[in-house]
Amino acid sequence: MSEVGPPESDPDALLQVRNLEKHFDNESGLLAGVEFTDEFPYVSQSASDVRAVDGVDFDIKEGETLGLVGESGCGKSTLARTVLRLLEPTAGSVYFQGADLASLSGEPLRRKRKDMQMIFQDPQSSLDPRMKVGPIVEEPMKAHGMLDDEGREARAKELLTKVGLDPQHYNRYPHAFSGGQRQRVNLARALSVNPDLIVCDEPVSALDVSIQAQVLNTMEELQAEFDLTYLFIAHDLSVIRHISDRVAVMYLGNIVELAEKEELFENPRHPYTRALLDAIPVPDPRSGGRTALLSGDVPSPIDPPSGCRFRTRCPKVIQPEAYDMRDDAWRNLVAFQRAVDRREFEATDPDVLRSRYFEDAIPSGDAGTLLDEALGHIERDEWDDAERILVERFVDESVCATAEPAYEVESVLGDDRHYAACHLRRNEAVASAVDEAATPVGPKTPEADD
Ligand SMILES: Nc1ncnc2c1ncn2[C@@H]1O[C@H](COP(=O)(O)OP(=O)(O)O)[C@@H](O)[C@H]1O
Ligand code: SF4
Ligand SMILES: [Mg+2]
């Protein structure tokens, strides 16, 4: 394995993650996750694997904070642990300071780990209740043979002060501390071995909002003082906005958008990012507070949708090339297909459904004929037949289902790269598409969407 970093190595990058995958066997047992086939190599990956992280690329520059945001279950914690090789990756590489972590094991890996620390969400369970704060902070130093007893105690007390605690707290047990204070103890412990990178997995999610800001401010001060680089995970966009320099948005095991913070918040180019942003409550009382626009559940990572993983919930999914429906008729058709998928109504007369789902615009021509067929099936309670038409002739024909999107678009704010995994961006993609496979099968120019 290479020791000199990945292709297109960025000299500023502290961490480079390439095509990283982490799949879990969904069943236990010796041969769980393995399927036998009659073709070479005779075994294949099981269809029941949980594809928690499924092909992720990003860099983190020295001294920056990369925020990672996404709904619960999208793979953030698995990604964090796989990056640090606390979990063995299924595929892909992680380069830290130019060295391929996969090529390290034993003592060299242990030494590298000193430079990459992690802070977890739950400050309650991550501190051993039987240990006093002093030894907790000193533990990593001890493990790495740093300093003598006296030196470690002095450093622990100094770090307690740096993280905003009292050096007197050295002799207290964790239960004597509030959640915010416990997270400060965790910070001191992570800092004790003088790391370059700290991976923070929802470090403030369990804290009250007022305490969150204080801990985030401390983390920013420590970053400047100790030249730290952070990978900072949160599901809360306001926390991400507070702390990040750049932001990666994750959905179902993939990164769907990555850009500088201002660019991402002011010029989001992925419908999922927009939905997340629209779901942030707006303080203006006249707006009444906006709520999430996304309907439907997140699909299972065991069998994620083909093409764009967001397509089963996306409000912008692109109509197949074979049709020329008005945009509103296509949107109605998509909403109808999703309602059929969820069996949202009972079998009934086509006219009732036409007026409920297509009153303002109904597909005509070939699309209209197919819709009539589907409506006929529903009237006869033949749901599977109706669904087959709606899925195979419409949904599965969309470029959103047939090709994985990966584009780089122009940044309007700031000069960093802006990655957006959405086919709506293919006509504005700068240079060539990031993923060549996505280029040949694009849709017609989609209607302006913004
Ligand atoms: N050890 C495991 N075995 C099987 N599935 C797992 C395991 N850990 C996580 N998962 C699954 O992987 C997906 C991603 O989980 P996780 O990384 O914890 O997401 P997040 O941190 O974004 O909430 C989820 O579907 C979760 O159920
Ligand atoms: S590729 Fe299609 S489904 Fe995916 S986000 Fe873009 S428009 Fe939506
Ligand atoms: Mg998590």
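Name the residue, out of Ala190, Ala421, Ala386, whose mean-square fluctuation peaks in a Gaussian network model built on the chain with Cα pairs under 10 Å. It is Ala386. Each residue, Gln97 and Asp278, gets one label point 7 Å from its Cα in the Cβ direction; the gap between the two is 4.6 nm. Note on the chain: GNM, Cα springs under 10 Å; of Ile389, Ile233, Ile198, the largest mean-square fluctuation is that of Ile389. Placing unit charges on the Cβ atoms only, positive for Lys and Arg and negative for Asp and Glu, gives segment 37-169 a dipole magnitude near 400 debye about its Cα centre.
In plain terms, if you count all Cα to Cα distances in the chain and split them into 20 Å steps from zero, the share in each step is 22, 49, 25, 5, 0 percent.
Within the listed set Val391, Val317, Val298, the residue fluctuating most in the Gaussian network model of the chain (springs between alpha-carbon atoms under 10 angstrom) is Val391. Label positions at Tyr173 and Asp12, each projected 7 Å from the Cα along the C-beta direction, are separated by 4.9 nm.
Between Ser105 and Asp366, full extension at 0.36 nm per residue minus the direct alpha carbon distance yields a gain of 87.9 nm.
About the centre of its Cα atoms, the chain shows a dipole size close to 1880 debye [charges on the beta carbon of Lys, Arg (+1) and Asp, Glu (-1) only; nearest 20 debye]. Here the label points at Ser48 and Arg342, each 7 Å from Cα along the C-beta direction, are separated by 2.9 nm in the simple model.
Per-residue ellipticity at 222 nm computed for the chain from its helices equals -9500 deg cm²/dmol, with DSSP H segments shorter than 4 residues left out and the rest contributing -39,500 (n - 2.57). Sparsely packed loop sites in segment 339-429 (the GluC sites (Glu not before Pro) outside DSSP H, G, I, E and B with at most 15 other Cβ atoms within 10 Å) comprise Glu344, Glu346, Glu359, Glu382, Glu410, Glu428.
The mean sequence separation of alpha-carbon pairs under 8 Å and at least six residues apart, normalised by the residue count of segment 327-397, gives a relative contact order of 36 percent.
Compare the Cα positions of Tyr251, Ile362, Pro129 along the charge dipole of the chain (+1 at Cβ of Lys, Arg; -1 at Cβ of Asp, Glu; about the Cα centre) and return the one farthest towards the positive end. Sorting the options by dipole projection puts first Pro129. Simple rule: put +1 on each Lys or Arg Cβ and -1 on each Asp or Glu Cβ in the chain, find the dipole, and look at Ser205, Ser48, Leu413; the Cα lying farthest toward the positive end is Ser205.
Here's how it looks for Met250: its modeled amide H is under 5 Å from those of Val69, Gly70, Val256, which are all 5 or more places away or on a different chain.
Structure note, pairs Lys76/Lys261; Lys114/Lys157; Lys142/Lys261: Cα-Cα distances above 28 angstrom occur for Lys142/Lys261. Working value for segment 327-397: equivalent-ellipsoid semi-axes of 16, 14, 11 Å, each the square root of 5 times a Cα gyration tensor eigenvalue, largest first. Extension gain, Glu373 to Asp385, is 3.4 nm, computed as 0.36 nm per intervening residue step minus the present C-alpha separation.
Ordering Leu353, Ile119, Ser103 by the projection of their Cα atoms onto the charge dipole of the chain, which places +1 on the Cβ of Lys and Arg and -1 on the Cβ of Asp and Glu, puts Ile119 at the extreme positive end.
Helices that extend 27 Å or more along their long axis by alpha-carbon positions and average at least 0.0 on the Kyte-Doolittle scale are absent among the DSSP H runs of the chain. Only Lys, Arg, Asp and Glu carry charge here, each on its Cβ (+1 for the first two, -1 for the last two); on that basis segment 327-397 has a dipole of about 180 debye about its Cα centre.
No value in this document is a laboratory result; all are computed from the given coordinates. Just so it is clear, the model here is predicted, and its values are computed rather than measured. Positions of Cβ are generated from backbone atoms using ideal geometry, with glycine treated the same way; all protein chains shown enter the neighbour counts.
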